[in-house]
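Undergrad: Have a look at the structure that comes next, please.
Values quoted throughout were computed directly from the atomic coordinates according to the rules given, and no laboratory measurement underlies them. Values in this document were obtained by computation on a predicted structure and should not be read as measured data. Heads up, the Cβs are rebuilt from the backbone with ideal geometry, glycines too, and the neighbour counts pull from every protein chain shown.
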């Protein structure tokens, strides 16, 4: 059984980027909502990510940055057990969600995934479903049948994804009638409707134009009061704009991704402790 | 006159360029002829392939259409020499066999197809191989199997035995078509459902199979068309019946059998009936084949 979901404490705006002199890198109070301890992911014995450890705190946006092949997406997908469907994949180390090991034999992966949602690189609304059906799809998958609850959750999620006003009059239209940016917001709404504790976003703007990208970024910033976000991006400006904390990964000698540095976004981008981080954030490679 | 700073005839790249361009220009006429000939051969091959097809259709229409009248569609076959008569008994039999075979094989075939699409294990591999072997199996052997398995064990020829044999023709086609359609559904959709906390069966039922529906419907209709046209399995399982029979446990007539039996009779009116039946069967198969494509296109367009 999974432990009951703890209430999310109300957050104060505080841990924003500071000035260059002080460079705040505060450890937030309280237990982390998610904790990675020596996480290693391998495919058919070949390590893709090695020994990654960091904590994710409630109400914060954590960005995973690094060049292609550094294992960002691989690591992200380990956090809601998406690798379970890949037969050759193995995940070692510990991932704690509210203190419970998500890879423990007693943890049901489908229940876990309803607590740790995911948004993908390309908008992938269900093509056979309407906008409304897409928004409530996750709830229906999880056995919710009550119309009132479905309606309430759909509206709340679509409002949160800043899509409600443009689709409220055509909820029964096919999801494919939306633009790319709207489809991605629908996918975010679909994930939010299940009310996950953590939302994993895998380069959610990589298939979108700059305007749609900007709107998704603004949305991500607003959502952090509702859900803890871990976002993969290879766009450093995006990481700088949206995230509170950053994990910088780099491909090691044996092609396995390694965590080079983890810290507050402000510190990582202005005064990183590792020279490789400095090179990367200054655009010298990657 | 300007003087060039360097001698172009000395630059090996420019020399080569001029040579290549000269060769290209000189060979242009020859290459055009080759191209024409190659395209001509393609057209001839196309004509060779299409002429017999069109000829068969035209001939069957020309020979069969005169047989079509009210009696042809409403009366059972009369013995030779007695005027009138039609293939109502065969139509009923073909529809009965088609409906029973479809009703049984579609659910089984599609569930097998789903299994094949979702699994890459050894069982799936051998099932897939078996299905492919079954697709290529001579249909008379399936008739013999139907005869031994059903006719001998139930004590007689029957529409059910025919449906069993036809089902065996249809099953592998439906399985493989279903598998192909389901495999064609983008992986991103099942991942999206997985990430929302859906279980495997839920993903299949609510996301993957609905998305695969156009392909599935096409495959089923093609399998039905294929099954209805088979003669050999029916020869050994339904026996044929000149009289109208609704009871599926009794020997029954079917269109392919009506063609086969009547065309080999030395009586002009029975041969006429056979031509009419051939035209009818051809029209049914064509409607199913063309209909499946039209339907698939419409369903696909609706999705956009």
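Undergrad: Among the DSSP beta bridges whose two residues both lie in the protein assembly as shown, what percent are antiparallel, rounded to the nearest 5?
TA: Beta bridges within the protein assembly as shown, antiparallel portion: roughly 55 percent.
Undergrad: Nearest-5 percent of antiparallel DSSP beta bridges in the stretch A:34-281?
TA: 55
Undergrad: Helix A:147-160 sits at what angle to the longest principal axis of chain A, using alpha carbons and giving 0 to 90 degrees rounded to 10?
TA: 50
Undergrad: Let me ask something else. Can you put B:157, B:267 in order of Cβ neighbours within 10 angstrom, beginning with the fewest?
TA: By the 10 Å Cβ count, ascending: B:267, B:157.
Undergrad: I would also like to ask the following. Using the alpha-carbon centroid of each, what span in Å lies between the stretch B:185-227 and the stretch A:25-101?
TA: That distance is 31 Å.
Undergrad: Select from A:60, A:152, A:203 the residue whose mean-square fluctuation is largest in a Gaussian network model of chain A (Cα-Cα springs shorter than 10 Å).
TA: Highest fluctuation among the options: A:152.
Undergrad: Report the relative contact order of chain A, percent, no decimals, based on alpha-carbon pairs under 8 angstrom and at least 6 residues apart.
TA: Relative contact order of chain A: 27 percent.
Undergrad: So how do B:209, B:298 line up by other beta-carbon neighbours within 10 Å, fewest first?
TA: B:298, B:209
Undergrad: Also, quick follow-up: Counting only other chains, what is the mean number of Cβ atoms within 10 angstrom of the Cβ of each residue in peptide A:125-131?
TA: Per-residue shielding by partner chains comes out at 5.
Undergrad: Let me ask another. For chain B, modelled as a GNM with alpha-carbon contacts under 10 angstrom, which of B:29, B:98, B:227 fluctuates the most?
TA: B:29
Undergrad: Taking chain A as the reference, fit the longest principal axis to its C-alpha atoms, fit the long axis of helix A:131-141 to the helix C-alpha atoms, and give the angle between the two in degrees, 0 to 90, nearest 10.
TA: Helix A:131-141 sits roughly 70 degrees off the main axis of chain A.
Undergrad: Where the centre of each part is set by its Cα atoms, how far does the stretch B:155-170 sit from the stretch A:102-137, in angstrom?
TA: The stretch B:155-170 and the stretch A:102-137 have Cα centres spaced 45 Å from each other.
Undergrad: Exposure proxy check: B:189, B:194 ranked by fewest other beta carbons within 10 Å?
TA: Final ranking by Cβ density, sparse to dense: B:189, B:194.
Undergrad: Counting only other chains, and only Cβ atoms inside 10 Å, what mean value do you get across the residues of B:197-209?
TA: The mean count of partner-chain Cβ atoms within 10 Å per residue comes to 4.
Undergrad: Between A:184, A:237, A:37, find the one with the highest GNM mean-square fluctuation for chain A; connect C-alpha pairs within less than 10 Å.
TA: For chain A, modelled as a Gaussian network with Cα springs under 10 Å, the answer is A:237.
Undergrad: Let me ask something additional. With the cut-off at 1.5 for a/c, could you classify chain B from its C-alpha gyration tensor as rounded, prolate or oblate?
TA: Verdict is oblate for chain B.
Undergrad: Taking only Cα atoms, what is the 0 to 90° angle, nearest 10, from helix A:180-193's long axis to the longest principal axis of chain A?
TA: The helix A:180-193 is inclined about 90 degrees to chain A.
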